[in-house]
Amino acid sequence: QVQLVESGGGLVQAGGSLRLSCAASGRTFSAYARGWFRQASGKQREFVAAFIWSGGSTYYADSMKGRFTISRDTAKNTVYLQMNSLKSEDTAVYYCAATPSVLWRLAEMYRYWGQGTQVTVSS
């Protein structure tokens, strides 16, 4: 079993920054991509960013481009999401996930999920 554990969420004022971490442990799993999704109250889970494990390409949802940065520490098997210029509409539970699929933009293609971490942006 693969475990993904997020950390780093919290309360921040609009315009502020947070860095989320997602540490993987457990059995070896060859993920094609590690991704971040978020789910605001009453809304569907949406794609935030993805890191293609071999090659290092990164992809973002349009509304996050220029504000969010996904990165990794291979030695720690950890993925990060640096979030800058946060807005109230960024308030959500943020989940990290891992997928063996090339369809990394689709939540249903992810096999392993973390428990989520709450990010609240006050205006």
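All of the numbers you see were taken from the coordinates with simple rules; none came from a lab. Bear in mind that the values here come from a model prediction, so they are computed numbers and not experimental data. Methodologically, a virtual Cβ is constructed for each residue, glycine included, from the backbone with ideal geometry; neighbour enumeration extends over all protein chains shown.
Structure summary
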{"quantity": "Local net charge near Q3, Cβ-Cβ under 13 Å (Lys/Arg +1, Asp/Glu -1)", "calculated": "+1"}
{"quantity": "For V2, residues with placed amide H under 5 Å, excluding near neighbours", "calculated": "R27"}
{"quantity": "For R67, net neighbour charge (Lys/Arg +1, Asp/Glu -1) across residues whose Cβ lies under 12 Å away", "calculated": "-1"}
{"quantity": "Fluctuation leader among K43, K65, K87 - the chain, Gaussian network, Cα springs under 10 angstrom", "calculated": "K43"}
{"quantity": "Top of G26, G42, G16 by mean-square fluctuation, Gaussian network on the chain, Cα under 10 Å", "calculated": "G42"}
{"quantity": "Whichever aspartates and glutamates have a C-alpha closer than 17 Å to that of K87, once near sequence neighbours (fewer than 8 apart) are set aside", "calculated": "E46, D62"}
{"quantity": "Relative frequency of Cα-Cα separations exceeding 19 Å in region 11-64, percent", "calculated": "44"}
{"quantity": "Relative frequency of Cα-Cα separations exceeding 16 Å in the chain, percent", "calculated": "57"}
{"quantity": "Proximal aspartates and glutamates to K65, defined as alpha-carbon separation beneath 14 angstrom and excluding residues fewer than eight positions away on the same chain", "calculated": "D90"}
